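Below: one structure, written as structure tokens.
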Amino acid sequence: MAAISSAPAKRPPCPTTTGDFEFARQHPFVLEGGGSLQPANLHYAMYGQPNAARDNVVLVCHALSGSATVHDWWPQLFENLLPLDRYCVLGINILGSCYGSTGPMEVNPATGERYGADFPLVSVSDIVRAQALLLDSLGIERLHLAMGGSIGGMQALQWAIDYPDRIARAIVVGAAPLNAMGLALNHLQRQMIELDPLWQNGTYTECKPTRGLALARALATCSYKSADLFDERYGRRENRTGPSPHTDPSGRYDVSGYLDYQGSRFLDRFDANAYISITRTMDNFDPARIYGSADAAYSRIRAKIGLVGISSDWLFPAKDVRDMADQMQRAGTNCEYQEQTSAHGHDAFLAEWPVLEKLLARWVD
């Protein structure tokens, strides 16, 4: 996400534990879409320690461009909501990412070359199943809470569905199965990357498809914000640096400069193949498809579920999150819906933390 924080956040201590968990060396990790990984690796970070009963562990699931190091992208969590004297917070980098877990940048043992565009489809269920194996290795049988926004919220919900006896609570913020507009936006982002001359069918090495990835990120940033926020911040003002769009064909409006900046700053920290892989994972999230119906999926849940829709979110509209809450309640799930009123769009869960914290606090304990 391209969030802008209203105030500097207080940073928690460095992770007490960081590690890499390798699995599927002896037997392939078979993926829902039909491929497999062997071996596979998850990079994780743990803040604080499990208590004697090991019932204070909170899994914080990251969004598309996040990582295992939760304090880097959601530091506000540690201030009041998840103090480390009470909770052990666990972050796990998802399969398909480029921050330590097995993804397109890793070497495919079958070929001796990077997976690149040949990296197999990974589902949210695959991600959660891999996380469960990591928890087994850490001796954590049951989560106090799984939480996240966007694809992180998809993971938290999938945990409640796939492992009903291993989780007490789940908080899902700004997440639901993508509607047609969300699918369309992800498709266009992938096309932007693949049309870059340096894409080379995903086999790029030193010369990367930076132009395509920057454009994809700029389009994504539009979907993370709202029209009202853009009008308030940029309106029709000319770009604060460079020539005027009224007198020079290369001139930009202020909002154009912002989007160009968001695209360019993304290039040093993310990989194009990983971006394509994760957006496909988001596209395919649909518990009703996996279990045959929404009722069959949601009736499995035993955890208490908190769902948050964001009033100005047009990537995951509040109506879609509210409709999902209605489906869960009809299936007998202990589910509650709340709405965050914000002009920040999808990014509100990162950009307006004090408002969100008040909504979430009731579900943590």
Residue in the range 185-192 that is outside any helix (DSSP H, G or I) and either open to solvent by less than 30 Å² (accessible area, probe 1.4 Å) or in contact with a Ser or Thr (Cβ under 7 Å, 6 or more places away or on another chain) (or both) present: no
Unique residue being at pLDDT 95 or above, out of contact with any helix residue (DSSP H, G or I) (no Cβ under 8 Å at 6 or more places or on another chain) and aliphatic (A, V, I, L, M) when the list is Ala68, Ala24: Ala68
Any chance Ser293 is under 19 Å from Leu183 (Cβ atoms), among the small types (Gly, Ala, Ser) and either open to solvent by 10 Å² or more (accessible area, probe 1.4 Å) or touching a Ser or Thr at 6+ places or on another chain (Cβ under 9 Å) (or both): no
Of all residues in the range 200-212 being closer than 16 Å to Phe119 by Cβ and assigned to a helix (DSSP H, G or I), the one that is most open to solvent (accessible area, probe 1.4 Å): Asn201
Which numbered condition Phe119 fails, given (1) more than 24 Å from Pro287 (Cα to Cα); (2) surrounded by 21 or more Cβ atoms within 10 Å (Cβ to Cβ); (3) in contact with a Pro (Cβ under 7 Å, 6 or more places away or on another chain): (1)
Qualifying residue in the range 127-147 (condition: among the β-branched types (Val, Ile, Thr), within 30 Å of Ala297 (Cα to Cα), at pLDDT 95 or above and more than 21 Å from the chain's Cα centre (by Cα)): yes
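Output the residues belonging to the range 28-40 that are part of a strand (DSSP E or B) and open to solvent by less than 30 Å² (accessible area, probe 1.4 Å). I'd like the intermediate steps shown before the answer.
At the first step, the residues of the range 28-40 found to be part of a strand (DSSP E or B) are 29-30, 36-37, 40.
If the condition is that a residue be part of a strand (DSSP E or B) and open to solvent by less than 30 Å² (accessible area, probe 1.4 Å), then Phe29, Leu37, Ala40 are the ones that fit.
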Checklist (1) crowded, with 16+ Cβ neighbours inside 10 Å; (2) over 21 Å from Met328 (Cβ atoms); (3) touching a Lys or Arg at 6+ places or on another chain (Cβ under 7 Å) applied to Gly139, failing item: (1)
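Restricting the range 236-259 to residues that are of a type in the set (Ser, Thr, Tyr) and either open to solvent by 60 Å² or more (accessible area, probe 1.4 Å) or not in a loop (DSSP other than H, G, I, E, B) (or both), which is modelled with the lowest pLDDT?
Per the criteria, the residue is Thr241.
The values are calculated or read from the model by the stated rules, or taken from the named source; none is laboratory data. Just so it is clear, the structure is predicted and the values come from calculations on it, not from any experiment. Neighbour counts are summed over all protein chains in view; Cβ atoms, including those assigned to glycine, are modelled from backbone coordinates with ideal geometry. Note: areas computed on protein heavy atoms with side chains; ligands, DNA, RNA excluded. Shrake-Rupley method; radii C 1.70, N 1.55, O 1.52, S 1.80 Å.
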